[in-house]
1. Restricting to the range 109-119, what's the tally of residues that are more than 14 Å from ASP59 (Cβ to Cβ) and either of a type in the set (Gly, Ala, Ser) or in a loop (DSSP other than H, G, I, E, B) (or both)?
2. I'd like the full set of residues that are within 9 Å of GLN281 (Cα to Cα) and of a type in the set (Phe, Trp, Tyr), limited to the range 201-223.
3. Somewhere in the range 89-108, is a residue open to solvent by less than 30 Å² (accessible area, probe 1.4 Å), over 21 Å from TYR300 (Cβ atoms), in a loop (DSSP other than H, G, I, E, B) and at pLDDT 95 or above?
4. Kindly provide the set of residues from the range 172-188 that are without any contact (Cβ under 8 Å) to a residue 12 or more places away in the chain and either buried (at least 17 other Cβ atoms within 10 Å of the Cβ) or in a loop (DSSP other than H, G, I, E, B) (or both), ordered by number.
5. Which of the residues that make up the range 73-86 are without any contact (Cβ under 8 Å) to a residue 24 or more places away in the chain, of a type outside the set (A, V, I, L, M) and either assigned to a loop (DSSP other than H, G, I, E, B) or within 21 Å of VAL138 (Cα to Cα) (or both)?
6. Please go through the range 27-49 and give me each residue that is part of a helix (DSSP H, G or I) and either surrounded by fewer than 13 Cβ atoms within 10 Å (Cβ to Cβ) or out of contact with any Phe, Trp or Tyr (no Cβ under 9 Å at 6 or more places or on another chain) (or both), ordered by number.
7. Do you know which residues across the range 109-130 are open to solvent by 50 Å² or more (accessible area, probe 1.4 Å) and polar (S, T, N, Q)?
8. For the range 23-53, how many residues meet the condition of being touching a helix residue (DSSP H, G or I) at 6+ places or on another chain (Cβ under 8 Å), within 21 Å of ALA204 (Cβ to Cβ) and of a type in the set (A, V, I, L, M)?
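The values are calculated or read from the model by the stated rules, or taken from the named source; none is laboratory data. A quick note: this is a predicted structure, and the numbers were derived from the prediction, not measured. Every residue, glycine among them, receives a Cβ derived from its backbone with ideal geometry; neighbour counts consider all protein chains shown. Please note that ligands, DNA and RNA were not included when accessible areas were found on the heavy atoms of the full protein model with its side chains. Shrake-Rupley method; radii C 1.70, N 1.55, O 1.52, S 1.80 Å.
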Amino acid sequence: MTYSMEFLQAKLDRLLAEEPALDPDKIKQIARLSIRLLVGALNPPSYTLGVSRIGGVPDVPADFQWPYFEPQEGDTDCCGQPLPLGRPLPLDFIAQLDLSKLPRIDPAMPTSGWLHFFYDAKGQPWGMYPKERGRFQVLYIDCPRDDLHPATVPDEFDEEFMPSEHWLIAPHVEWTLPGEYVDFDEFESPRFAAYERLAEKLLAPGHYRSRFLGHAELVQNPMDDIGDPFVEEDDGEEVSEEEFDALLQGLVRGEVEIDNPYYKRSQALEEDAFSWRLLLQVDSSPNDGNFCWGSEGRLYFLIRKEDLIARRFDRIWLNLQTT
């Protein structure tokens, strides 16, 4: 699919002209192109091998090995039942993207090959702890299309949790804006309302909000400052009751100030200072209970800018957000 950068720039300029409360230069600094993954044919009886799809089984070369993870003590499925210990379990296939057929909106992204996304859909980890690292993976495969064949589904799959649907993807390039760019104190201001209007006008109509690259459409909190999830946190240092009391008293007396997190975030967005980037956002499917994240939430596969440039897709992280 091709797209016109001139058309997209003209659209952004036109919509910005309709919102004089916004600073056009700052908005252009933070806007990012994204490929909206609109729903195409549902459960197609046949399709071209390697075509971009959500759900189903991946198309892979002969040397493909399905990714597994090792459940740990305390891991449960989405119903709260403990996952069996002592044997690896296969990850669930979420999506495949044919990079050669998608519009090129990020020069760091490979122009050939496929990205395959996997997740523990039975356990639905939130991506809050380093120990969850093995429960989501992204594989980059680059081979001739003629080498592809539908993967063999592992015998260990629990049929009760297997998605019953799969659908093709119709890519659509659009601008995205980050959530919570405007200060919290301005939630009822004309500037906040203008920002909300602009963000929505930039998007194609439709409730299904899966996308590749761009800014994530948040259900809960920003994810750009998640730190280094590959390193176990040292939680041995605790704040004493006396230190906490002193902080509270300092706040009451006006001797201690807390930085405005929204201001710091907006500055970082304008300077493109956040390391993490959205790789893939996967919306819940209202028609398939096994393709529903929490309470109709979203999955966000994230990657650091330097890892994307180096094509280190094994260094992704995931965040699940739900209402």
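1. Number of matching residues: 4.
2. PHE212 - this is the single residue of the range 201-223 that is within 9 Å of GLN281 (Cα to Cα) and of a type in the set (Phe, Trp, Tyr).
3. Checking the range 89-108: not a single residue is open to solvent by less than 30 Å² (accessible area, probe 1.4 Å), over 21 Å from TYR300 (Cβ atoms), in a loop (DSSP other than H, G, I, E, B) and at pLDDT 95 or above.
4. PHE187, GLU188
5. Across the range 73-86, the qualifying residues are GLU73, GLY74, CYS79, GLY80, GLN81, PRO84, GLY86.
6. First, pick out the residues of the range 27-49 that are part of a helix (DSSP H, G or I): 27-30.
LYS28, GLN29 - these are the residues of the range 27-49 that are part of a helix (DSSP H, G or I) and either surrounded by fewer than 13 Cβ atoms within 10 Å (Cβ to Cβ) or out of contact with any Phe, Trp or Tyr (no Cβ under 9 Å at 6 or more places or on another chain) (or both).
7. Of everything in the range 109-130, just one residue is open to solvent by 50 Å² or more (accessible area, probe 1.4 Å) and polar (S, T, N, Q), namely THR111.
8. Count: 4.
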